[in-house]
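Nothing in this text is a laboratory measurement; each read-out follows from the coordinates by a stated rule. Since the model is a prediction, treat every value here as computed from it, not as a measurement. Cβ: placed from backbone, ideal geometry, glycine included. Neighbour counts: every protein chain shown.
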Amino acid sequence: MSENSSSATTKISTYLTMIVLIVLALSMVALISSVNLFVGGNEVAAGYLLVIGLIAMALSLYVMVQSRKRIADMKIEAPKVMTTIECRKCGFKSVREFQRGDFVFKELDPCQKCNEKMLITAIFKEVREREKPFAF
């Protein structure tokens, strides 16, 4: 499951890639046409096509770079799920990672201190506080 989610977050959308490639191809056609028009003597139309081709190329490259940056920033870390285990008799408490099959009020192995059966009392996900940017 983690392989699919990590590969999905590092890929750029195929639709976005196709659109960028089409715009790049059209900008190349505009640049080539502007050269042909300039050689043919029509400088005004050549200038317009040159500007259109350069703007389209710059925008498509900008979109590609920004989408790569955004995807790199969007990597999602799965939070850890923890299980709290307590002894009903002596009150001994321990926290461990969640294991498949855990549920609240499930009886587990004997307590380390008093050999009474321990009980799962809570299942929660670990919440990490995000670092706040330092403000002057």
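Ranked by the mean number of other Cβ atoms within 10 Å of their residues, highest first, the peptides 13-21, 77-85 come out as 77-85, 13-21. Between THR84 and PHE124, residue separation times 0.36 nm minus the direct Cα-Cα distance comes to 13.6 nm.
Remark: spin-label model distance SER33-LYS93 equals 7.2 nm, labels positioned 7 Å along the Cα→Cβ axis.
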